[in-house]
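Colleague: Below you'll find the structure I mean.
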Amino acid sequence: MNQIPPFDLSRQYQLIGPEITAATEEILRSGRYIGGNAVKNFEQQFSQYIGVRECISCNSGTDALYLALKALNIGPQDEVITTPFTFIATAETIAMTGAKPIFIDIAQNGFNLDLNLIEAAITPKTKAIIPVHLFGQPVNMTELMKIARDRNLFVIEDVAQATGAEWGNKKLGSIGDIGCFSFYPTKNLGACGDGGAVTLNDSAIAAKIRTIKDHGRESGYIHELTGLNSRLDALQAAILQVKLRYLDSWNQKRIEIADRYQQLLEPISNFLKLPQSISGGKNVWNQYTVEILNDNRDEIRDRLKKAGINCAVYYPLPLHLQPVYRDLGYQTGQLPRSETTATRVLSLPMFPELTFEEQQQVAYRLQDNLAYFRKTG
Ligand SMILES: *Cc1c(COP(=O)(O)O)cnc(C)c1O
C-alpha cells in the first residue's frame, strides 16, 4: 500500500544531498568539529535572516529557552505566563529555572494564547511571557508587546515551529526581547540532528548567554557563572547554512500546500474546522492542523493510518494537566479551550515535497471517514 508519511526528510535529502555531502565533507576533512568558522558563519547568517544584531547557537530549542530565561535572571519566586497547548519544553524550561509556569487558555481560533487573558494572570511575581507561535502561526505581537511593555514584563518568543514566519514585516524572533529557535529535523529549518539558537538585539544579554552556554566562562578556565555545555556542532552548522538558503522556498511550498488543503477540504468543512491564518502576519505552516468536530478523532486517525495516511496528534494532553505539573494544582475544566482542542486536533501530512496527488488522497480518505461516522452516528 502506498504510504503517505506525516513528514519525509528523505525526499528533501534527495533534492539537496550533494550540497549537504559537500558541506559535511569539508568539516570532516578540516578536523575542526567544535566551534570554528562554520558555527560563526551560521550565527552571522541567521541573525541577518531574522533581522537581529545577535544570534547565539546552542544544542536545542529546549536549551535556547532555558538560556533565555537564565540570562533574564528568572528563577525561584518568579512566574512566567505561557500556553498549555504546546510542546513540553516551553514549560519545562521555566520549571528548570525554579520559576513557576502560569498557564492561560488559548484563543477560540488559531491555537495560540488568548491575549485577553494575560492581564488577569499577572501578579507581582510575573517576570515574563512566553508566546508560542504554534504550528507556524504568529501570535499578534503588536498586542502582546503592548501588554508586556505596559506591565514591564519580558517577552521570550518560542519560535521553534515558526522559523521564517512574520508579524507585520518583521520576522518572528526579532520582536520580543529574545527569540528561541529549534533546528530539530522536522522544524521548518531542521538540522540532521539537534540544534537551536537564540536571537536578540541586546549585546549585554547576548554576552551573558554566550557565557552561560559555555560553562559560565568568558575565557579559559575561569568560570563566572553556573553554566552548561550547549553547543551547535560544526557539522550541523554547515548543514544549516545550506538549508537556510532554501528556507524561504520551502516555506512558500508549505503555504501553497496549505492553500490546496483549504480548497480540497472546504466542501467537507461541516464536521471539520479548518485552520485559519491570522491576518497581519505570515504563517509558515509547520503543521496543517484541522479540528475534528464529531468526537471521533482517534478512530479517524486510526482508520486513516490503515489506509496508509499517517496523521499526528499534537498535543493530546495540555500541559496544565500533565502529571509532572500536578503540584501546580490545575483542575480538569479550568482551561476549557485547550482541553477541548486537544481532543479534536489532527495534523495532516505536511512537508514541502508533498505532492498534489497525495493531498488528494488525504482529502478523499478524510471525507470518506467523516461520512462513515455520520452514518454510524
Ligand atoms: C520543538 C520545540 C521545542 C524544543 O526544541 P528542541 O530542539 O526539540 O529541544 C520547544 N518549543 C516548541 C513549541 C517546539 O515545538
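Colleague: PRE reach from A22 (point 7 Å along Cα→Cβ): which of segment 200-235 fall under 19 Å by backbone N?
Modeller: Label zone hits: 235.
Colleague: Take the alpha-carbon centre of segment 12-69, take the same for segment 211-268, and report the distance between them in whole Å.
Modeller: Answer, in whole Å: 8.
Colleague: Another question, then. Enumerate the amide H contacts of W167 below 5 Å, restricted to partners 5 or more residues apart or on another chain; note that Pro and chain-start residues carry no placed amide H.
Modeller: Those qualifying (amide H under 5 Å, at least 5 residues apart or on another chain) are L172, K282.
Colleague: GNM on the chain, C-alpha springs below 10 Å: top fluctuator among F183, F271, F46?
Modeller: The residue with the greatest mean-square fluctuation here is F271.
Colleague: Report, in debye and to the nearest 20, how large the dipole of the chain comes out about its Cα centre when Lys and Arg carry +1 and Asp and Glu carry -1 on their Cβ.
Modeller: The calculated dipole for the chain is roughly 100 debye.
Colleague: How long are the three semi-axes of the equivalent ellipsoid of segment 1-139, in whole Å, if each is the root of 5 times an eigenvalue of the C-alpha gyration tensor, listed from largest down?
Modeller: Calculated on Cα positions only, the semi-axes equal 35, 23, 13 Å.
Colleague: Another question about this same structure. Rounded to the nearest 500 deg cm²/dmol, what is the calculated helix-only ellipticity per residue at 222 nm for the chain, with -39500 (n - 2.57) per DSSP H run of length n ≥ 4?
Modeller: Using -39500 (n - 2.57) per qualifying helix, the result is -12500 deg cm²/dmol.
Colleague: I've got another one for you. Quick one: with all protein chains in place, what share of the accessible area of segment 248-376 is carbon or sulfur, to the nearest percent (1.4 Å probe)?
Modeller: Ligands and nucleic acids excluded, carbon and sulfur reach 47 percent.
Colleague: Could you do me a favour and compute the accessible area per residue for the chain, 1.4 Å probe, result in Å²?
Modeller: Accessible surface, normalised per residue, equals 44 Å².
Colleague: Related question: From the phi angles alone, apply the Karplus equation (6.51, -1.76, 1.60; θ = phi - 60°) to segment 291-303 and give each ³J(HN,Hα) in whole Hz, x where the residue is Gly or Pro.
Modeller: Coupling constants for segment 291-303: 10, 8, 8, 9, 6, 10, 3, 5, 5, 5, 4, 5, 5 Hz.
Colleague: Give me the orientation-averaged projected area of the Cα convex hull of segment 9-244, in nm², one decimal.
Modeller: Averaging across all directions leaves 13.0 nm² for the Cα convex hull.
Colleague: Another question, if that's okay. Output the peptides 63-69, 241-247 sorted from most to least packed, where packing is the average of other Cβ atoms within 10 Å over each peptide's residues.
Modeller: Going from most to least packed, we get 63-69, 241-247.
Colleague: Using the Cα gyration tensor of segment 171-241, with a ≥ b ≥ c the square roots of its eigenvalues, what is the shape: rounded (a/c below 1.5), prolate (a/b larger than b/c) or oblate (neither)?
Modeller: Here segment 171-241 falls in the oblate category.
Colleague: Stretched out fully, how many nm does the piece from V242 to D259 gain, at 0.36 nm a residue minus the Cα gap?
Modeller: Additional length available on full extension: 3.4 nm.
Colleague: Let me ask you something else. With springs only between Cα atoms under 10 Å apart, run a GNM on the chain and tell me which of I106, I27, I81 wobbles the most.
Modeller: Between I106, I27, I81, it is I27 that shows the largest mean-square fluctuation.
Colleague: Looking at the square roots a ≥ b ≥ c of the eigenvalues of the Cα gyration tensor of segment 115-244, which shape do they give, rounded for a/c under 1.5, prolate if a/b is larger than b/c, or oblate?
Modeller: Oblate is the answer for segment 115-244, as a/c is 1.5 or above yet b/c matches or exceeds a/b.
Colleague: For the chain, what is the relative contact order in percent, using Cα pairs closer than 8 Å and at least 6 residues apart in sequence?
Modeller: In percent, rounded to a whole number, it is 21.
Colleague: Ok, one more. In sequence order, what are the phi-derived ³J(HN,Hα) couplings for segment 200-209 according to the Karplus relation 6.51 cos²θ - 1.76 cosθ + 1.60 with θ = phi - 60°, rounded to whole Hz, with x for glycine and proline?
Modeller: Each residue's phi maps through the Karplus curve to give 6, 9, 7, 5, 5, 5, 4, 4, 5, 5 Hz.
Colleague: Quantify, in whole percent, the carbon and sulfur part of the accessible surface of segment 1-70 (1.4 Å probe; protein heavy atoms only).
Modeller: It is 50 percent, rounded to a whole number.
Colleague: Turning to a different aspect of this structure: Residue-wise, which Karplus ³J(HN,Hα) couplings in Hz belong to segment 334-344, taking 6.51 cos²θ - 1.76 cosθ + 1.60, θ = phi - 60°, and x for glycine or proline?
Modeller: 6, 10, x, 5, 4, 5, 5, 4, 4, 8, 10
Colleague: Sort segment 248-376 into rounded, prolate or oblate with this rule: let a ≥ b ≥ c be the square roots of the eigenvalues of the Cα gyration tensor; rounded if a/c is under 1.5, and if a/c is not under 1.5, prolate when a/b is larger than b/c, oblate otherwise.
Modeller: oblate
Colleague: While we're here: Taking a probe of 1.4 angstrom, what is the accessible area of W250 in Å², to the nearest 10?
Modeller: 20
Colleague: Run the 1.4 Å probe and let me know the accessible area of T186, rounded to the nearest 10 Å².
Modeller: Answer for T186: close to 40 Å² accessible.
Colleague: By average Cβ neighbour count within 10 Å, what is the ranking of 112-125, 302-315, 187-200 from highest down?
Modeller: Result, highest mean Cβ count within 10 Å first: 187-200, 302-315, 112-125.
Colleague: Still on this structure, please answer the following. With a sphere of radius 12 Å drawn around the Cβ of G61, what net charge do the other residues whose Cβ falls strictly inside it have (Lys, Arg +1; Asp, Glu -1)?
Modeller: The answer is -4.
The values are calculated or read from the model by the stated rules, or taken from the named source; none is laboratory data. Predicted model only: the values in this text are computed from it and were never measured. Please note: Cβ atoms are built from the backbone with ideal geometry, for glycine as well, and neighbour counts cover all protein chains shown. Surface accessibility is based on the protein's heavy atoms, side chains included, excluding ligands, DNA and RNA. Shrake-Rupley method; radii C 1.70, N 1.55, O 1.52, S 1.80 Å.
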